[in-house]
1. What shape does the stretch 295-436 have by the C-alpha gyration tensor, where a ≥ b ≥ c are the square roots of the eigenvalues, rounded means a/c under 1.5, and otherwise prolate means a/b greater than b/c and oblate the rest?
2. Hey, in the GNM for the chain with a 10 angstrom Cα cutoff, which one of D69, D378, D94 fluctuates hardest?
3. Explain nothing, just the number: dipole magnitude of the chain about its Cα centre with +1 on each Lys and Arg Cβ and -1 on each Asp and Glu Cβ, in debye rounded to the nearest 20.
4. Work out the FRET efficiency for T225 and L193 from their Cβ-Cβ distance, taking R0 = 60 Å, and round it to the nearest 0.05.
5. As I understand it, the value is the acute angle between the Cα axis of helix 68-95 and the longest principal axis of the Cα atoms of the chain; what does it come to in degrees, rounded to 10?
6. Among F331, F91, F48, which one shows the biggest mean-square fluctuation in a GNM of the chain, springs joining Cα atoms closer than 10 Å?
7. Evaluate 2.2 N^0.38 Å with N set to the residue count of the chain, then give the Cα radius of gyration divided by it.
8. Tell me, what HN-Hα J-couplings in whole Hz come from the Karplus equation 6.51 cos²θ - 1.76 cosθ + 1.60 at θ = phi - 60° for each residue of the stretch 16-21, using x for Gly and Pro?
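The values are calculated or read from the model by the stated rules, or taken from the named source; none is laboratory data. This one's a predicted model, so the numbers in the text were calculated from it and none came from an experiment. Every residue, glycine among them, receives a Cβ derived from its backbone with ideal geometry; neighbour counts consider all protein chains shown. Each accessible area value is taken on the protein alone, full model and side chains, heavy atoms only, with ligands, DNA and RNA left out. Shrake-Rupley method; radii C 1.70, N 1.55, O 1.52, S 1.80 Å.
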Amino acid sequence: MRKHQGPLFILLTLILTFIFWSVSEPLKNVAPVRQYSEMAASLMLVCFAWVNFISTRHPLLDSLFHGLDKSYLYHKVLSITSVLLIFVHRFTLDAGKGNHYGENRVNLGPGPNGPPPGAENGAELFSGIANLSMLLFIVLILLALFAWKMNYEKWKNIHKLFFIPYMIGIIHYYGSSDYAVTGLSSLGLWLNLVNLVGLTSAIYSIGFYERTAFQSRYVVTNIRTVAKNTLEITGKAFKKGIRYKEGQFTFIKFTEEGKKFPSHPFTISQSFRKNEIQFAIKALGDHTSALLENVQEGDTFAVTSPHGRFDYKAGSKRQVWLAGGIGITPFRSFYQSAISPQYSIDLFYCYNNEAEGPYLDEIKTLAAGSGIRVHLHDLQTKGFLDAEDICEVVPKTETVDVYFCGPEPLRIKLERELKTCGLRIGHFHYESFQFK
């Protein structure tokens with residue numbers, strides 16, 4: 001049930017919005033199609049509020065969605081849903097134009113049953129800014145898709161610009177709604193609260209997150225190479241370090257001149273040690289390559305509070321761990337902790353070759369006395385790991401929990417194959433690092 005708290009809360013807010021709209025009456029006589037159009041707009045405001053709240057990376061999201069990474073899956077779905085609702089609202093609004101101020105709008109003059117003086121000009125103004133908002137959304141969506149393929153940082157910067165059409169949409173709502181947006185109506189009070197959450201969340205994530213979330217500061221005390229193009233960076237807290245669990249990740253950034261590294265999530269690669277933190281970072285792009293080329297002992301970096309629910313203790317006692325390359329890091333933090341002898345674990349570790357396998361020498365020593373059965377898989381000599389390799393070792397008569405960390409194509413491949421090879425899987429656990 002806990003894993004579904006987030007989507008249930010989202011569904012509840014959408015249902016409440018529909019209920020409040022159902023019991024509310026428009027302030028003037030409008031066509032039914034226009035009323036449904038404004039219902040779509042109300043639902044859109046709720047979706048955008050959720051999108052903005054998820055962007056804050058608030059610790060509550062870990063509990064609601066069973067991991068911050070899972071919340072970003074809903075962030076993506078809600079973003080798409082919001083844009084679709086914009087189009088529904090816009091085009092159904094046009095369909096109801098003819099009955100905005102009564103059934104024979106063109107014959108009504110100013111008065112109690114017709115539009116007040118200047119209302120037509122005001123309606124056209126707010127309709128115009130709504131068109132501008134929709135146009136900006138379309139342009140930014142196209143730019144975001146293009147920039148995402150080029151550079152993640154550019155994508156994030158373009159993403160911040162979505163606040164502009166969102167703010168225009170809020171202004172449009174308060175200027176042209178046919179329902180009471182102020183006062184004590186249930187729909188008005190509810191949407192005022194929704195908009196307050198959406199706006200404050202957007203302002204915080206754009207203007208204050210980078211300044212306030214990175215409270216814990218560390219100094220680099222040790223750097224060592226653990227594989228080709230992969231460094232292990234150990235830091236000691238200046239004051240009090242964060243309290244983290246094995247398998248969790250945090251956002252890290254270097255802020256020193258000449259060594260600035262934009263915030264990025266990395267899994268903590270060791271079991272908990274007071275006032276110390278450690279990461280194994282592989283050069284996978286321009287920013288990580290520049291970081292590894294320039295980082296030195298004595299440099300300082302900052303981290304956020306820890307995130308994630310990738311925890312072997314939450315699974316059954318019979319487990320299969322699947323690690324690909326740098327994806328060994330959470331499992332390293334697991335096996336460094338005191339694993340109860342009640343657990344029966346098979347660790348499959350895939351790597352391109354001996355030189356590119358982080359902690360390979362360390363893992364080879366686990367076979368003796370660790371309680372973990374290690375299965376090394378060198379892709380250069382054995383080819384890709386497949387489900388049959390796993391099923392040859394793990395009996396199909398046992399129900400196992402599978403924990404995976406590695407490249408997404410490998411996860412999709414193994415998850416699909418394991419379902420067809422007959423292995424009885426209780427849960428397949430993994431985390432996604434696509435924070436977009």
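1. In terms of gyration-tensor shape, rounded.
2. D94
3. Here the size comes out at about 720 debye.
4. Numbers: r = 53 Å, r/R0 = 0.88.
Using R0 = 60 Å, I get an efficiency of 0.70.
5. That helix lies at roughly 20 degrees to the long axis.
6. Result: F91 has the largest fluctuation of those listed.
7. Against the compact-globule rule of thumb, the ratio is 1.20.
8. Using θ = phi - 60°, the values come out as 4, 4, 5, 5, 5, 5 Hz.
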